[in-house]
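The values are calculated or read from the model by the stated rules, or taken from the named source; none is laboratory data. Here the structure is a predicted model, which means the values were calculated and not measured. All Cβ positions, glycine included, derive from the backbone under ideal geometry; neighbour counts span all protein chains shown. The protein model used for the area step is the full one, side chains on, heavy atoms only, and it has no ligands, DNA or RNA in it. Shrake-Rupley method; radii C 1.70, N 1.55, O 1.52, S 1.80 Å.
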Amino acid sequence: DGFLAGAPEFHTAMFRVLLATLALASAADAMRSTAFRRPERTSSIAASTTAKTPLPATVKPGVVTGQALVDLLAHAKENEYAIPAVNCVSSSAINACLEAAKEYKSPIMIQFSRGGGQFLAGKAANNDDDAACIAGCVAAAKMVWEIAPLYGVPVVLHTDHCQKSWLPWFDGLMAANEEFYKKEGKPLFSSHMLDLSEEPLQENIDICKEYLEKMAKIDILLEMELGVTGGEEDGVDNSDVDNSLLYTQPEEVYEVYKQLSEVPNGKFTIAAAFGNVHGVYAPGNVELTPDILHNSQKYIKEKTGCDSDKPVSFVFHGGSGSSREDIQYAIKAGTIKMNIDTDTQWSYWDGIRSYEKEFHDYLQGQIGNPEGETKPNKKYYDPRMALRRAEEFTAKRLGEAMDDLMSVNSVN
């Protein structure tokens with residue numbers, strides 16, 4: 001005591017060391033306490049939607065196909081909402097979609113691309129004749145069939161863009177559907193997309209019609225594309241396309257509607273381009289014209305004399321980064337599905353990025369962190385920790401998309 005009393009500068013230094021140690025310990029405790037931190041939710045989302053009619057009795061929790069799918073899409077059109085469709089390349093991404101659908105009480109479309117299928121199978125897998133691209137999509141679809149009912153929401157299983165040179169992949173998926181149908185009395189996938197928009201219009205229609213005749217026999221819906229979605233996504237690069245091809249004409253939509261409607265039991269949707277571009281761009285760089293969809297509906301009603309004001313079910317591609325106003329005006333024209341890929345890719349990465357930033361000092365080695373040189377870090381570098389944060393960020397972003405699409409609380 002006498003020594004310390006006689007050395008005030010030493011006493012002050014020791015006190016500062018003690019304060020620093022306590023502060024470090026407090027910071028470490030705070031970091032640990034937020035290891036499972038969830039991103040803040042938008043509390044106004046659920047309250048911002050209008051009441052909807054009950055789902056049709058045919059629409060049950062889990063994967064919906066055939067008449068149940070047709071009824072679900074009709075419900076979306078009647079109640080003026082669209083279903084978000086998300087490209088998934090992992091089981092974690094699938095879980096994020098299902099979590100969002102459950103939390104915000106919305107249907108969800110889980111879709112796979114050709115490249116996504118290969119990634120799901122593993123990049124080292126043999127991909128001769130698209131074997132890995134097919135197997136990855138099939139395996140992921142079977143996973144969704146198993147777990148989707150646990151979330152209590154209707155789920156649509158879909159595959160994305162298939163251009164003419166990729167038809168062997170499409171044929172492999174159809175073979176898997178036929179095999180599944182023989183055993184279960186229903187297809188493995190709810191729907192598939194053919195993107196033959198780079199071909200002449202009549203060739204596009206003829207090939208789609210040929211496939212729709214096969215799909216109709218096993219209750220699969222066809223999504224076809226008219227015009228071209230600009231930008232680049234998953235191996236489809238239309239970044240240098242003629243700008244005029246980004247805008248479909250009502251007469252073209254009518255030709256598709258007229259000829260595909262001739263297929264018995266044929267069910268189809270149309271992804272008609274109205275300036276859509278894959279990716280996210282600065283404001284003003286993309287000019288959407290949803291009036292094309294409204295004008296197409298009017299034109300078809302006049303030509304066919306049908307009672308419906310919205311005879312066509314439209315699909316909105318390149319939805320990431322679009323304004324809420326454009327999205328909802330397109331929905332009023334009969335859009336029942338919107339693809340979301342770029343925004344969910346970012347949200348997934350952003351979750352991982354935020355986790356690494358928060359726990360950076362715990363992720364530099366297996367041993368040693370701010371709590372001590374011998375402290376283990378296993379619970380921090382466990383892959384589930386960062387992936388869980390990615391799922392939470394993606395579910396939150398999808399909740400915002402569901403709000404824009406007015407699908408929140410449509411599962412009642």
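Can you tally the net charge around residue 368? Count Lys and Arg as +1, Asp and Glu as -1, for every other residue whose Cβ sits under 13 Å from the Cβ of residue 368.
That sum, taken over residues with Cβ under 13 Å, equals -1.
Provide the gained length on full extension for the span residue 182 to residue 352, in nm with one decimal, where the gain is 0.36 nm per separating residue minus the Cα-Cα distance.
Between residue 182 and residue 352, full extension yields 57.0 nm more.
Along its three principal axes, how long is region 255-412 when you only count alpha carbons? Whole Å, largest extent first please.
78, 38, 28
Of all the accessible heavy-atom surface of region 340-412, with the other protein chains kept in place and a 1.4 Å probe, what percent is carbon and sulfur? Intermediate values should be presented prior to the final figure.
Values: 2010 of 3650 Å².
About 55 percent, which is the carbon plus sulfur part of the accessible surface.
Straight-line reach from residue 298: which aspartates and glutamates have Cα under 12 Å away, leaving out those fewer than 8 places along the same chain?
Excluding near neighbours in sequence, the set is 251, 307, 309.
First measure r as the distance between the Cβ atoms of residue 123 and residue 164, then evaluate 1/(1 + (r/R0)^6) with R0 = 22 Å and state the FRET efficiency to the nearest 0.05.
Here the calculated transfer efficiency is 0.35.
How big is the dipole moment of region 51-195 about its Cα centre under a simple scheme where the beta carbon of each Lys and Arg is +1, that of each Asp and Glu is -1, and everything else is neutral? Debye, nearest 20, please.
For region 51-195, the charge dipole is close to 300 debye.
Separation of region 385-412 and region 124-200 by C-alpha centroid, Å?
Each part reduced to its Cα centre gives a spacing of 24 Å.
What ranking do 310-316, 187-193 get when scored by the average of other Cβ atoms within 10 Å per residue, highest first?
Details: 310-316: 23.3, 187-193: 25.1.
Per-residue Cβ counts within 10 Å, averaged per peptide and sorted highest first, yield 187-193, 310-316.
Figure the gain on full extension for residue 74 and residue 332 (residue separation times 0.36 nm, minus the Cα-Cα span) and round it to one decimal in nm.
91.6 nm
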